[in-house]
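*Asks:* Quick one: the structure is below, and I'll ask about it shortly.
The values are calculated or read from the model by the stated rules, or taken from the named source; none is laboratory data. Source: prediction; values computed, not measured. Note that each Cβ is placed from the backbone with ideal geometry, even for glycine, and that neighbours are counted across all protein chains shown. Side chains included, ligands, DNA and RNA excluded: accessible areas come from the protein's heavy atoms. Shrake-Rupley method; radii C 1.70, N 1.55, O 1.52, S 1.80 Å.
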Amino acid sequence: MAKIYNFSAGPAVMPKKVLEKVQTELLSYKNSGMSVMEISHRSSLFSEIQENAEKNLRRLMDIPSEYDVLFLQGGATLQFTMAPLNFANNFKRIGFINTGHWSQRAIEEANLINGVEAIEIASGFSSGYTKLPEENRTSEDLDYVHITLNNTIEGTAYKEVPYMKDKFLVGDMSSNILGQRYNVSDFGMIYAGAQKNIGPAGLTVVIVRHDLVEKSPNLPAMLSYKKLVNKNSTLNTPPVFAIYCAGLVFEWLIAEGGIDVIEKKNREKAQLLYDFLDNSSLFSSPVSVKNRSITNIPFVTGNSSLDAKFIAMATENGFVGLKGHRLVGGMRASLYNAFPIEGVKELLKIMQKFELEYKGVY
Ligand SMILES: *Cc1c(COP(=O)(O)O)cnc(C)c1O
């Protein structure tokens, strides 16, 4: 099998050690004679998997005890609806920091809920979302403020979380959860689809402060944090296999040294690419230096046919998933936790080669 470097934004690269472990355990989990996919979600084999996954996630992120951890389905996208249903019940107004596509999707979904209004309290629109807004307008009559920590498509990220006074933050951490350190207690709730930095698709991790859960209204069961918390995420059949894989990724990350160690590695990987982009006579980063994501890094040549040529050449050589999102074009390198630094070094080599061949040609 030819060597592949997978730069995909999601579903994305997983740690090889985890995949190997899945492979060895696939046919008979813990000598049960059954695959994890075949065991009951009410069995002790599975409850142990879930308990360990939660315990290890708590350890990795330093999740305080007053927070509940949920393993849900429906992706990050369902949280665009669940968070407003559960939390926007007093003023029925939610403040949104609009930092690009995923914030806008969250705004659209919130506005679809009867009586709920999404208020844009800040926007990166004027910079084409290449910068994060510097000022957030607060107002008294908001139930909470929604923020997208890492903008997977535009390539911006918050290093520090803005302080919103008495309004709690709901954070979409889909693409950089476990990739850099955030303080859980800066948020009322955090959510993340698993398929970027955690594991396979089909699982959504929700971390939510218990007092907010307690205050939420009576909702249909699958949309109610309270009911899901009361049933420990197993109100119906949970995504057993995805939770198992996520648990293995958490164990892998602990063995790697945890978030602070992986963040340092992630910063090194990103810096290699940014340094190259900032010194290249062909490639460049469109994103404002101080707001750059260390996870998703868009770059361009400035010429779309040259971009296409580069992507084709890269793909042929085993560098896959580099095509930028259709909304921004160009290229994008996603450097999640499981992406090796050698992959970045190899990418730079082919970029260098391409640059020598094509600079000044167009
Ligand atoms: C990918 C992504 C989403 C959508 O995730 P799904 O799990 O596919 O619903 C939402 N927000 C951000 C920041 C993302 O990167």
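*Asks:* Could you sort out which of 264/290; 290/349; 30/264; 309/349 sit more than 23 Å apart by Cα distance in this structure?
*Replies:* Listed pairs above 23 Å: 290/349; 30/264.
*Asks:* In the chain, what percent of the accessible surface is made up of carbon and sulfur (1.4 Å probe, ligands and nucleic acids excluded)?
*Replies:* So the carbon and sulfur contribution to the accessible surface is 52 percent.
*Asks:* Below 8 Å between Cα atoms, with a sequence gap of 6+, how large is the relative contact order for the chain in percent?
*Replies:* 23 percent
*Asks:* Per residue, what accessible area does region 300-362 have, given a 1.4 Å probe and all protein chains present, in Å²?
*Replies:* On a per-residue basis, region 300-362 sits at 50 Å².
*Asks:* Using a 1.4 angstrom probe, figure out how much accessible area region 16-256 has per residue, in square angstrom, rounded to the nearest whole.
*Replies:* Per residue, region 16-256 has an accessible area of 43 Å².
*Asks:* Using 1/(1 + (r/R0)^6) with R0 = 41 angstrom and r between the beta carbons of residue 26 and residue 303, what's the FRET efficiency to the nearest 0.05?
*Replies:* Efficiency at R0 = 41 Å is approximately 0.35.
*Asks:* Enumerate the amide H contacts of residue 299 below 5 Å, restricted to partners 5 or more residues apart or on another chain; note that Pro and chain-start residues carry no placed amide H.
*Replies:* 331, 332, 333
*Asks:* Considering only DSSP beta bridges with both partners in the chain, what is the antiparallel share in %, to the nearest 5?
*Replies:* 55 percent
*Asks:* Using the Cα centre as the reference, give the magnitude of the dipole from point charges on the C-beta atoms of the chain (Lys, Arg: +1; Asp, Glu: -1; all else neutral), rounded to the nearest 20 debye.
*Replies:* 560 debye
*Asks:* Determine the gain in length on full extension of the stretch residue 260-residue 234; use 0.36 nm per residue of separation and subtract their C-alpha separation, reporting nm with one decimal.
*Replies:* 6.2 nm
*Asks:* Hey, another quick one. Can you work out the Karplus-derived ³J(HN,Hα) for every residue in region 160-165? Use 6.51 cos²θ - 1.76 cosθ + 1.60 with θ = phi - 60°, whole Hz, and x for glycine or proline.
*Replies:* 3J(HN,Hα) across region 160-165, in whole Hz: 10, 8, x, 8, 10, 6.
*Asks:* May I ask which residue of 333, 205, 233 lies farthest towards the positive end of the charge dipole of the chain, with charges of +1 (Lys, Arg) and -1 (Asp, Glu) on Cβ and the Cα centre as origin?
*Replies:* Value: 333.
*Asks:* Where is the GNM fluctuation largest for the chain (alpha-carbon springs, 10 angstrom cutoff): 208, 170, 328?
*Replies:* Highest fluctuation of the listed residues: 328.
*Asks:* What trypsin sites (Lys or Arg not before Pro) does region 12-88 have in DSSP loop regions with at most 15 other beta carbons within 10 Å?
*Replies:* 42
*Asks:* Near residue 221, within a Cβ-to-Cβ distance under 15 Å, what is the net charge of the other residues, with Lys and Arg +1 and Asp and Glu -1?
*Replies:* Residues close to residue 221 contribute a combined charge of +3.
*Asks:* So, R0 is 41 Å and r is the distance between the beta-carbons of residue 108 and residue 341; what FRET efficiency does that work out to, to 0.05?
*Replies:* The computed FRET efficiency comes out at 0.65.
*Asks:* Here is a further query. Please report, in Å, the Rg and the Dmax of region 16-256, where both are computed over Cα atoms only.
*Replies:* Using the Cα atoms of region 16-256, the pair Rg, Dmax is 18.3, 59 Å.
*Asks:* Which value, in debye to the nearest 20, describes the size of the charge dipole of region 201-270 about its Cα centre when Lys and Arg Cβ atoms bear +1, Asp and Glu Cβ atoms bear -1, and nothing else is charged?
*Replies:* With only Lys, Arg, Asp and Glu charged at Cβ, the dipole is about 240 debye.
*Asks:* Let me ask another. Could you run the Karplus curve 6.51 cos²θ - 1.76 cosθ + 1.60 with θ = phi - 60° over region 148-156 and give me ³J(HN,Hα) per residue in whole Hz, x for Gly and Pro?
*Replies:* With coefficients 6.51, -1.76 and 1.60, one gets 9, 5, 10, 8, 3, 8, 7, x, 10 Hz.
*Asks:* Now a separate question. Sum -39500 (n - 2.57) across every DSSP H segment of at least 4 residues in the chain, then divide by the residue count to get the 222 nm mean residue ellipticity, nearest 500.
*Replies:* Roughly -11500 deg cm²/dmol at 222 nm, from the helical runs in the chain.
*Asks:* Using modelled amide H (1.01 Å from N, peptide plane; none on Pro or chain starts), what sits under 5 Å from the amide H of residue 5, excluding residues fewer than 5 places away?
*Replies:* 319, 320
*Asks:* Run the numbers for residue 48 and residue 34: contour at 0.36 nm per residue of separation, minus the present Cα-Cα distance, in nm.
*Replies:* Net length gain for the segment: 3.5 nm.
*Asks:* Pop out the ³J(HN,Hα) list for region 89-100 in order, Karplus 6.51 cos²θ - 1.76 cosθ + 1.60 with θ = phi - 60°, rounded to Hz; leave Gly and Pro as x.
*Replies:* Here the 3J(HN,Hα) series is 10, 9, 7, 6, 10, 10, x, 10, 8, 8, 10, x Hz.
*Asks:* Considering the options 304, 288, 270, tell which one lies farthest towards the positive end of the dipole of region 227-320, charges being +1 on Lys and Arg and -1 on Asp and Glu at the Cβ, about the Cα centre.
*Replies:* Result: 288.
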